[in-house]
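Asker: My structure is below; once you've seen it, I'll send some questions.
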């Protein structure tokens, strides 16, 4: 696995084009930490997918695909989080 903090960021994740910018991840964390995810978890996931994927339309017709795509996005976030923890442990 690549180090998302030091290596060039991928433009595809699980076969789909993504926006490898830090801002969708900051939005995700801030929204979650502030408790602003709302009462509709699928609606929140869809909002997140629109920020992370270049074209999330392929996921939006099926609730299971939305959940899977959201899981992939969280996996992307956690890879960066693990890299940050690793770098902190080394210094």
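Asker: Check off (1) modelled with pLDDT under 90; (2) on the phi > 0 side of the Ramachandran plot for residue 7 and give me the number that stays unchecked.
Answerer: (2)
Asker: For region 1-50, how many residues are part of a loop (DSSP other than H, G, I, E, B), within 25 Å of residue 64 (Cα to Cα) and touching a helix residue (DSSP H, G or I) at 6+ places or on another chain (Cβ under 7 Å)?
Answerer: 4
Asker: Pairs please, first residue from region 20-34 and under 11 Å from residue 76 (Cα atoms), second anywhere and outside any helix (DSSP H, G or I), Cβ atoms under 8 Å, 6+ apart in sequence or on different chains.
Answerer: 20/9; 20/10; 20/11
The values are calculated or read from the model by the stated rules, or taken from the named source; none is laboratory data. Every value quoted in this text rests on a predicted model; they were computed, and no experiment measured them. Glycine gets a Cβ as well: all are built from the backbone with ideal geometry, and neighbour counts include every protein chain shown.
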